[in-house]
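Note sheet for the following structure.
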C-alpha cells in the first residue's frame, strides 16, 4: 500500500507479534527509507554516513542552527539506503572514516548526490574554506593592530600554525599575503594526495587555490 507496491513473505508468528516492517517506510527524517538489498543497517560507518547526510538535509533543528544548510537536499535516489550504500561501497576513492563532502566539486552546492559529492579524509575536509569571509575591513585575512600601527595577515591555525603570518603597512599587502598562503596550502594538498583522492577532488583543490589567487587585489 506504499508507493512501491512492495510484497513481503513473512512467517505467521511475525504477523501475530506485529514485527513485520516495511523497508520502504520513510523513517529517517521523513524521507529516508531502508529499501531492499544486500546492505545491512548494522554496518555503522556506511549507515551513519547515509543517515548523517539526510540529517543535514532535512532536520529542521539542524538547519536552524546552521543556516548554510537551509536549502540543502539530496537526490531522490539517495533517500534509499541501499542505493546510497552501493555508491559508498563502489567508490574507488574512499577509506573508513572519510567524510562525504558536497562543496569541493561545486562551490556553494546544495545538492547531495553522486555527481556533486566526493569522500575526503577528515584531515582535508576539516581544513577547507569554501567561502572566504570578509571582515569589518572588507578583506579576508587582515586585522589592524593598534599597538604597532600595522596590518596583520591572518590565516586559520589549521592552515598555518602561526595564525599571524606577518605585519604590513597596508591592508592590501596583508590580504595578499593571507590569500597567497591559503592558495599555496590548497595546491600543496592537491599535490600530496594526487592518486589517492578522486581526480575530481584534486581538481577542486586546485580550483580553490586559483580562486584565492584571483581574490588578490592588483
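If you check 188, 201, 153 for being in a helix (DSSP H, G or I) and crowded, with 16+ Cβ neighbours inside 10 Å, only one passes: 201. Only one entry in 30, 97, 52 is in a helix (DSSP H, G or I) and either touching a residue at least 12 places away in the same chain (Cβ under 8 Å) or under 16 Å from residue 117 (Cβ atoms) (or both), namely 52. Restricted to the stretch 55-81, and to residues there that are in contact with a helix residue (DSSP H, G or I) (Cβ under 8 Å, 6 or more places away or on another chain) and crowded, with 18+ Cβ neighbours inside 10 Å, the residue that is farthest from residue 36 (Cα to Cα) is 69. Going by the structure shown, is residue 115 within 15 Å of the chain's Cα centre (by Cα), modelled with pLDDT of 95 or more, part of a loop (DSSP other than H, G, I, E, B) and farther than 19 Å from residue 204 by Cβ? In short, no. Looking at (1) modelled with pLDDT under 85; (2) within 25 Å of residue 207 (Cα to Cα); (3) surrounded by fewer than 17 Cβ atoms within 10 Å (Cβ to Cβ), which is the one condition that is false for residue 137? Condition not satisfied by residue 137: (2).
Being touching a strand residue (DSSP E or B) at 6+ places or on another chain (Cβ under 9 Å), surrounded by 15 or more Cβ atoms within 10 Å (Cβ to Cβ) and not in a strand (DSSP E or B) is the requirement here; does residue 84 meet it? In short, yes.
The values are calculated or read from the model by the stated rules, or taken from the named source; none is laboratory data. All of these numbers come straight from a predicted model, not from anything done at the bench. Neighbour counts run over all protein chains shown; Cβ positions are idealised from the backbone, glycine included.
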